[in-house]
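The values are calculated or read from the model by the stated rules, or taken from the named source; none is laboratory data. Everything quoted here is computed from the prediction, not taken from an experiment. Every residue, glycine as well, gets a Cβ built from its backbone with ideal geometry; the counts of neighbours run over all protein chains shown.
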Amino acid sequence: MTATYAKWRRLASAALTHAIDGKYESANTVNARMREECPDHCLDALIAWCDTAIDHATDGHPAVMAEAAGVAAVAIETGKIGTDVPARVAWAHRLLHARCRMDQAAWNDAIAEVREFDKATQASHLGAVLEAAALTIRSLPRGYMALGRSQGGAR
């Protein structure tokens, strides 16, 4: 059990590192390996990627993000914002949003939705969460959600 745990964590971490470095082909290869070799830990990887992005965005103060009403999904390839993004990007945004608010019902709904998809679509949606975490870390300053706010989150 320990070896499997360590393996999924190493693979999820390596996939995120590759994605942060902009090496998406390598990130996708490692992500595919994790899904194949550690299928029982895909949810763990999603949680880890979400928590890493949230920690970066809030500089370790997740209450700041939970209060943010204006967070929107963005399709990096097109610049489209909000509802005008690909389904996989919108799903990743819903999952991240549910995690930052610790909204178990919304999280469960998003997970149930992706379980209904074929394996390729599932992989694409999981990859969207990985990409969102990587782009947040690579493109935005640590603590960007707290800029202009006190540590307690008040404006």
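Hey, can you tell me all the residues within segment 93-139 that are surrounded by 15 or more Cβ atoms within 10 Å (Cβ to Cβ) and part of a loop (DSSP other than H, G, I, E, B)?
Residues satisfying the conditions are Arg101, Asp103, Phe117.
May I ask you to verify whether Ile47 is β-branched (Val, Ile, Thr), at negative phi, within 12 Å of the chain's Cα centre (by Cα) and modelled with pLDDT of 95 or more?
Values: β-branched (Val, Ile, Thr): yes; at negative phi: yes; within 12 Å of the chain's Cα centre (by Cα): yes; modelled with pLDDT of 95 or more: yes.
The answer is yes for Ile47.
Pairs please, first residue from segment 24-48 and part of a helix (DSSP H, G or I), second anywhere and of a type in the set (Asp, Glu), Cβ atoms under 9 Å, 6+ apart in sequence or on different chains.
Every condition considered, the pairs that remain are Tyr24/Glu131; Ala27/Asp21; Ala27/Glu131.
Would you say Ala6 is of a type in the set (A, V, I, L, M), surrounded by 17 or more Cβ atoms within 10 Å (Cβ to Cβ) and modelled with pLDDT of 75 or more? Talk me through it step by step, then tell me what you get.
Values: of a type in the set (A, V, I, L, M): yes; surrounded by 17 or more Cβ atoms within 10 Å (Cβ to Cβ): no; modelled with pLDDT of 75 or more: yes.
Answer is no for this residue.
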